[in-house]
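Take a look at the structure set out below.
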């Protein structure tokens, strides 16, 4: 059930946090024409928990399944818009809600048109970007492969000139004519080589070359050149490093194998010509097309950015409206349709104090929907157990959430959340205790509290939002941390003589900064907290750890006693004598016979300054209860008291466990 925020609007009577609110089951008979307004206004009120009267029906069999489907589709479109805005770096603007200006049917049409426009823009942009990336790779192939062929042509020309010069120098009248015939025959046997050009991933280039070599049994010639900067792959759209390759081959079988290997490695192949004139022309054409595509892509992105900016101006308003409408129809699906099909019947739990508020909301809904018949509200009598509802405000809500995380109290039980306001931050402070760190926490909490109106209307990150929600918890933890820090006398782990000089002084210089042995008491006891002389001494750690552990025991036992005492008040409120006699009393006896006694010994040891070993006392209280205590005795007749407490603890266990199940069984049989 939604919380009633008392501090926000002052709609609720004075808070009574000590016990959950009295609840009632109400029935609403709502005319069809005012059902939407009624559910909307009651939802804004947040003081009625509807029951599902159609639990036996599937979601598709319910009355407003079509509307739920419609708003689900609108939610999908809004999620699509949000994804597109996040990719484009556009932030939705937060504006006050003005639902009267928005018609749901018009919004549905508008969202459909915007989605179709965005999808078309994305499709065109993807096609243009794919073409652009392909042309970028094609230009790289033309440049790199052109360098291969130009360098090879230069070398071949140089070799040809060298051979011709040698042949020219050796020719004479005695040279046989048969040699010319042999040369012509050899030239006629020359084979034309084919080649394939493209790009392959740099990390796969060596493996690519090796597999081609093995597949063709070495009957290929491969050249590769690395591309200086990463390029965007047309297929995957990712920026990767690639190499330009040229593979020379002979025969159609070799070509088929090379093409299959290129396909397996995801290598992009591009056509290439050996004609240098055509290469220059193709590079010029590709550069021109790249420039045109770049201009077109930039224009498309600008148009898309403008469209997303227009959407962002109303996105929060649209999203809130769609979510509210979907919630309204989801709630209306929980209502039962009357046999006349002219009204809806609703049942739900509400606090007793909210009856007038609900009736006011029903009257406003009937008036705003122009309904001639108002909604009828009547209280039903039932034996069902009502839900638990605690009124909270901005201060107590975080503490209540901490308690509810462990378990929600039963209806009309005492609320542990009230006591948690003190016990939770105090237990934290016993562990944290440092008034320097406490001041830092206090300042951080005050920043959130001072700016809470501004921050509550903003979208915060997960961690910041959680911290902001617990700002008053942090405030209380800061106060208690300052208090326990003063007790521990620690300011960022540094002691200060705040309240008085140290009560102890060194007898001579040999004991300074080394040990507490040799210290003598020269002044009255330090008035508040730990004497600063303990810090930096040899026994600092054992002393402070013992102090903090004993404080934790005292607070922990006190909190457990508080829980048991609350169970007594619950049993008294519900007039359950079984829980008083067979739960509260034995639990109090068992807890205080052992841990309550330990707490008493801790306080006595502090007050008397005794050197008794409490570990020894508690252990041998069980192992050897009749032995003399000796130097561990803190008060007269301590052994007798321990025997009585031990026997009481032993008796309380069967007292707590055995009678109650049989009594409950007897009560259950009598009720039947």
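Looking only at residues of segment 186-226 that are surrounded by fewer than 18 Cβ atoms within 10 Å (Cβ to Cβ) and part of a loop (DSSP other than H, G, I, E, B), we find that the one that is modelled with the lowest pLDDT is 189. Evaluate segment 280-300: report whether one residue or more is more than 19 Å from residue 151 (Cβ to Cβ), touching a residue at least 40 places away in the same chain (Cβ under 8 Å) and touching a strand residue (DSSP E or B) at 6+ places or on another chain (Cβ under 7 Å). No, the conditions are met nowhere in segment 280-300.
Residue 617 falls short of the stated requirement of being within 19 Å of residue 654 (Cβ to Cβ) and at pLDDT 90 or above. Here residue 258 clears all of (1) buried (at least 18 other Cβ atoms within 10 Å of the Cβ); (2) more than 14 Å from residue 194 (Cα to Cα) except the condition numbered (2). A single member of 303, 279 is touching a helix residue (DSSP H, G or I) at 6+ places or on another chain (Cβ under 8 Å) and modelled with pLDDT of 90 or more, and it is 303.
Listed by first and then second residue, the pairs with beta-carbon distance under 6 Å, at least 6 apart or on different chains, first residue in segment 122-144 and not assigned by TED's automatic domain parsing to the domain that holds residue 291, second crowded, with 20+ Cβ neighbours inside 10 Å and in a helix (DSSP H, G or I), form an empty list. Scan segment 622-640 for residues that are under 14 Å from residue 594 (Cα atoms), surrounded by 13 or more Cβ atoms within 10 Å (Cβ to Cβ) and touching a residue at least 24 places away in the same chain (Cβ under 8 Å) and the total you get is 0. Of the residues that make up segment 227-248, is at least one assigned to a strand (DSSP E or B), surrounded by 15 or more Cβ atoms within 10 Å (Cβ to Cβ) and over 53 Å from the mean Cα position of the chain (by Cα)? Scanning segment 227-248 turns up at least one residue that is assigned to a strand (DSSP E or B), surrounded by 15 or more Cβ atoms within 10 Å (Cβ to Cβ) and over 53 Å from the mean Cα position of the chain (by Cα). Residues that are loosely packed, with under 12 Cβ neighbours inside 10 Å and over 26 Å from the mean Cα position of the chain (by Cα): does segment 485-493 have at least one? Yes, some residue in segment 485-493 is loosely packed, with under 12 Cβ neighbours inside 10 Å and over 26 Å from the mean Cα position of the chain (by Cα). The condition of being on the phi > 0 side of the Ramachandran plot and surrounded by fewer than 17 Cβ atoms within 10 Å (Cβ to Cβ) holds for only one of 341, 294, that being 341. All conditions in (1) out of contact with any strand residue (DSSP E or B) (no Cβ under 9 Å at 6 or more places or on another chain); (2) modelled with pLDDT under 90; (3) buried (at least 18 other Cβ atoms within 10 Å of the Cβ) hold for residue 40, with the sole exception of (2). Restricting 379, 352 to those that are under 22 Å from residue 18 (Cβ atoms) and in contact with a strand residue (DSSP E or B) (Cβ under 7 Å, 6 or more places away or on another chain) reduces the list to 352. The single condition among (1) in contact with a strand residue (DSSP E or B) (Cβ under 9 Å, 6 or more places away or on another chain); (2) more than 30 Å from residue 415 (Cα to Cα) that residue 569 does not meet is (2). Just one of the listed residues (336, 327, 250, 271) is assigned by TED's automatic domain parsing to the domain that holds residue 33 and in contact with a strand residue (DSSP E or B) (Cβ under 9 Å, 6 or more places away or on another chain), namely 336. Of the residues making up segment 32-56, just one is without any contact (Cβ under 8 Å) to a residue 60 or more places away in the chain and more than 34 Å from the chain's Cα centre (by Cα), namely 56.
The values are calculated or read from the model by the stated rules, or taken from the named source; none is laboratory data. Just so you know, these numbers come straight off a predicted model, no measurement behind them. Note that each Cβ is placed from the backbone with ideal geometry, even for glycine, and that neighbours are counted across all protein chains shown.
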